[in-house]
Each structure stands twice: as C-alpha cells, then as structure tokens.
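For reference, the structure is listed below as structure tokens.
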Amino acid sequence: MKNLASNVQHHLGALVPAPPALTPMLDSRIEQLLARRPRLIGELLDQYGSPLHLLWPQIFSDNVARFRAALDGRQLRYELFYGAKANKSQAFIAAAAQAGTGVDVSSIHELNDALRAGVAPGRICATGPAKSTAFLAALIACGALISVDSVEEFGAIERCCAAPLATPVRVLLRHRPASAGNSRFGMGVAALSACIERLATLRAAIRLEGFHFHLGGYASAARAAALRDTLVFLDQARALGLAPHIIDIGGGLPVRYVDSDAYDEFLRRQSGRDYIHGRVPASFYPYGGRVGVAEWLDGLLDAPCRDALTIAAYLRSHQLTLAIEPGRSLVDQAAISLFRIVRVKALAGGVHAVFVEGSSFSACETWFDSEFLVDPILLPGAGAQAAAGAPARAFIAGHSCLDEDLITRRLIHFARCPRVGDVLVFANTAGYQMDLLENEFHRHPMPRRLVVHCDGAEQFVVSCDANEGGKQ
Ligand SMILES: *Cc1c(COP(=O)(O)O)cnc(C)c1O
C-alpha cells in the first residue's frame, strides 16, 4: 500500500509544481552587505574559515528599541531580561548592557559574562531548574534576582544565607501553570504556597519580589491565562504582609523568518517528495507566523484580567512590574551564518547533495527532527561566472561522516546548481540556530563569530566577538 502510494506520488511528481520558495526576510543592513560586498564575504571566509557567523549588535539594540516602543505608551512598569541562552555571543550581552536591559542567565558562566559586559547585577535574573551551589552563592553575592524553581531549591537558598546577609536575597517563585501540568519546571499550587508561607517567616533573609513562569509554545493567550492563574499567589503573599511586585512572563515571543502567505502556502503544498527521506517532519517552528512582537504584546496586555480590567490596567492599578525574558525575539535578524560549498555530488533522480565546510551542529533543526524552513541564499564564489548553469534540487549536508549530518533534509530548489567554492548564506540564525549544538567533531575548530558594525556609508567594520578570547 505504502509503495503504491509513493509510486503514484512519484508519477504525479512531474506534474505537481514545487512548493513556493521560502525567501528569507533580511534586515536592510544585511541585504546591503550581501548585495554590495560579496567579495568581503569571500575574504572573511578565507581568513576565518567556514562556517562563519556574522553578528550585528546594532540590530539587537534596534530590537530592544522596538520592544520599548511597544511598551512605553502603556504607562506600565516593565523590565526586559534578555534570555541569554539563545546565542553564545558576548556581543549581544554587551548590547543588552549598553541598552540598559537586564539579562536572564541560567548558568554561572552566563552570569559571569553578563557581569563582565557591565550588566547591573540588580538587572540580572537567574532561571533554570538546577542551579549549582556555586551559582546560587554567586547570584546571592551580587544581588541578582533568583527565580526559585522548586521547594528543594528554596531549601538550598535558605542554607546559602544561613549566615546573616547585608541585604536580603531577592527571589521570584516559578509557577507551573495548569496548562503546563506535566512540565518539570516550576512549582504547582501546594509547593508554591508552602514557599510563600515560609517566606513570611524569613523576611530579613529572603525577599519575595514576585512570581515567574515560562511556557512552551508562542501564544500570548497562554501567557495571559498563566498570568491570571498567578494572581492567587499575589493575593496570598500580600495577605501575609509580603510585597511582591513583579510578574515575569518568561519568553517565547515570536519571530517571523519568511513571508506569512508564502509560508502558509508552503505548508499546504509540501509533501514527502520535498524531503530526501520522503517524510514531512511532524512539527516546525512557526517561521511565517503572522503575529509580530508588538501585536503579541498588545494581545497579552489587552486580554481580560480581573475586576473587568485588562491585564495592562490591572498591572497599572496594582503597581506591578511586567517582566519579560525574550531570547529569540531580541536576536531576531541579528546574525547570519555562512557555509562554503566543498563538494557537489549528483545523485539518482536529478537530486544533488551539496556538501558544505561545516556541519548541522551549526544549524541544528534536523537534530530535533524538524527543519529550518528558510531557504539559504546562494552567493557565487570568487572567479565564478555569475548566474550560469541549470536549475537544480539539492539537499545540504555537513562535512562529517555521520549519516545524520544534514543541514537540510529538504530539497531546496536552486535557480542554478550550486558549485564548489560558492557560499550558502543562512539568514536569521542568531536565535538557537547557529551555536546551540556546535562542537569540535572531527577536530574541526569551533566556528568563528565576527561582529559587524555598519557606519552608514556602506562601510562595514568587522571585529572578533569578545567570547573568542585571544583568537586572531
Ligand atoms: C529559554 C527561556 C527564555 C527565552 O525564550 P525565547 O523563546 O527564546 O524567548 C526565557 N525564560 C526562560 C526561563 C527560558 O528557559
């Protein structure tokens, strides 16, 4: 049955048009670099190797400004904590420090990087379920805000401040909302209430600043519901004389990578024939989502809360601070990743395998059994005749000996067949794409990351990211 179905599909294949292109949305500064300075791209790859990540901290700062523009008109108290795990580059933490935003850290290393970048310790919030004793001690010593994940972690914090402290430890309590019932993160009602009662007896040592949650998925409605669920804890704490004043809704704000209509049409029209293994992945990030950050925030803030008030009105009337921990959405557009093509191999059925210098550890969706549904941009290599050659369908493989090392399982439609020495540019890779899984497999050195500053007049100034130590 299965074979028959795939034969029929194969037979029809010639008649079925290809799904639409997933052309990446590009910041104009990046578009300019690619269009006007392709030789610079080649020179950088010669000098620093492939793959190579280019970072734009200015775009990060613009994203902060966009968040603020969406929130400033609301007469709200708010605080942004950049979710630092989205990308390992120091340049973005430095940009957060310069913009005066906070940083959400989940390891002592992220904490140290934030402090080194000059983030005010009071603007650092620590999340995560498994903070080590050394991490907790460092957070307490610098006065960072700690989101307490469990009763057990609460006990560890109590032990850390057994000796009298000059100022109380600042904590949020992380709630596990009903919608995230099976999650291992945060506390249910009983555990969280027990922490509040304990805090009422520990005021001098530990100060309850508020409540926190972070949800999977990207819907503002789920955050609105979780925020409403959190209010009972606020009531309980206030009844006990505590003064919590922060509600931290975590991250998960959406990013758009490609045009929404093209994306929807792609999803409708794609089939197993578009993938080298003949199978459409079960789920994708919503690469062509229709809701931008501003609309998302409006959706949250205008949602009903309590006493016939919207969330915005409720927060205002209770003098509550809305904290948000955007990761992906603050690095939206802020990096691209370049891969040089090292081999192009013709396979059966007119399909080509394009091998790049680099691996799927620097472009990780296939490892999550999904796919980065954004087409790479093909730049001709030095000395190549531009635009010559026939169209081709190809998947993109890394240079390792792992069968699984595929940057795309999806067959990309190229207007001309890629050639050795050409460059593939993956756009918008800063959020979890470029470096989440990177390693030195086959003893290839870690990919380099370069910071690009544009001074307006088509001048691009390139420097190494500060996390690269003494590398030249
Ligand atoms: C990962 C994470 C974030 C950032 O999430 P994004 O989807 O990148 O915005 C924020 N807060 C917590 C607790 C996280 O674990």
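The values are calculated or read from the model by the stated rules, or taken from the named source; none is laboratory data. Everything quoted here is computed from the prediction, not taken from an experiment. Cβ sites come from the backbone with ideal geometry, for glycine too, and all protein chains shown count toward neighbours. Note: accessible area is taken over every heavy atom of the protein model, side chains too, but ligands, DNA and RNA are not part of it. Shrake-Rupley method; radii C 1.70, N 1.55, O 1.52, S 1.80 Å.
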Take each of the peptides 150-162, 355-367, 327-339, average the number of other beta-carbon atoms within 10 Å over its residues, and list them starting from the highest. 327-339, 355-367, 150-162
Given the chain, what percent of its DSSP beta bridges are antiparallel, to the nearest 5? 45
Using only the alpha carbons of the range 320-472, determine the length spanned along each of the three principal axes and report them from longest to shortest in whole angstroms. 61, 40, 34
Taking the simple approach of a point 7 Å from Cα along Cα-to-Cβ for both Arg66 and Glu158, what is their distance in nm? 4.5
Taking only DSSP H segments of four or more residues, each worth -39500 (n - 2.57), what value at 222 nm results for the chain once the sum is divided by all its residues, to the nearest 500 deg cm²/dmol? -9500 deg cm²/dmol
What accessible area per residue, rounded to a whole number of Å², is obtained for the range 279-345 using a probe radius of 1.4 Å? 38
Degrees, to the nearest 10: 2-13 long Cα axis against longest axis of the chain: 60
Along the principal axes of its C-alpha atoms, what lengths does the range 207-338 span, in descending order and rounded to whole Å? 63, 33, 24
How would you order 390-399, 127-136, 428-437 from highest to lowest mean count of nearby Cβ atoms within 10 Å? 428-437, 390-399, 127-136
Degrees separating the helix 57-72 axis from the principal Cα axis of the chain, which is the longest one: 50
Taking the simple approach of a point 7 Å from Cα along Cα-to-Cβ for both Arg306 and Phe368, what is their distance in nm? 3.4
log₁₀ I(q)/I(0) of the range 218-268 at q = 0.16 Å⁻¹, via Debye over equal Cα point scatterers, no solvent, to two decimals? -0.63
Hey, if you put +1 on the Cβ of every Lys and Arg and -1 on every Asp and Glu Cβ in the chain, which of Leu309, Gln270, Ala91 ends up farthest toward the positive end of that dipole? Gln270
Could you calculate the FRET efficiency of Leu267 with Ala134 from 1/(1 + (r/R0)^6), where r is the beta carbon distance between them and R0 is 41 Å, rounded to 0.05? 0.35
Given R₀ = 22 Å, FRET efficiency for Ala353-Arg36 by Cβ-Cβ distance, to 0.05? 0.10
Checking the cross-link filter: which aspartates and glutamates have an alpha carbon closer than 15 Å to that of Lys131, excluding same-chain neighbours under 8 positions apart? Asp104, Glu110, Asp149, Glu152, Glu153, Glu158
In square nanometres and to one decimal, what's the mean projected area of the convex hull around the Cα atoms of the range 86-180? 6.7
Measure nothing fancy, just the Cα-based angle from helix 151-160's long axis to the longest principal axis of the chain, in degrees from 0 to 90, nearest 10. 70
Using just the alpha carbons, could you tell me how many Å³ per residue the convex hull of the range 14-61 encloses? 144
Which aspartates and glutamates have a Cα less than 19 Å from the Cα of Lys345, not counting those fewer than 8 places away in the same chain? Asp274, Glu357, Asp403, Glu404, Asp405, Asp422
Taking the simple approach of a point 7 Å from Cα along Cα-to-Cβ for both Gln459 and Ala191, what is their distance in nm? 5.5
HN-Hα J in Hz across the range 413-424 - Karplus 6.51, -1.76, 1.60, θ = phi - 60°, x for Gly and Pro: 8, 9, 5, 9, 5, x, 10, 4, x, 5, 10, 9
In whole Hz, what ³J(HN,Hα) sequence does the range 107-123 give by Karplus (6.51, -1.76, 1.60; θ = phi - 60°), x for Gly and Pro? 7, 5, 6, 5, 4, 4, 5, 5, 5, 4, 6, x, 5, 4, x, x, 9
Let me check the size of the range 70-137 from its C-alpha atoms; what are the radius of gyration and Dmax in Å? 12.6, 41
When the expected Rg is taken as 2.2 N^0.38 Å, what fraction or multiple of it is the alpha-carbon Rg of the range 372-444? 1.22
I need the P(r) histogram for the chain: all alpha carbon pairs, bin width 20 Å from 0 out to the longest distance, whole percents. 23, 50, 25, 3
Just to verify a number: FRET efficiency for Ala415 and Ser183, C-beta to C-beta distance, R0 = 45 Å, to 0.05? 0.50
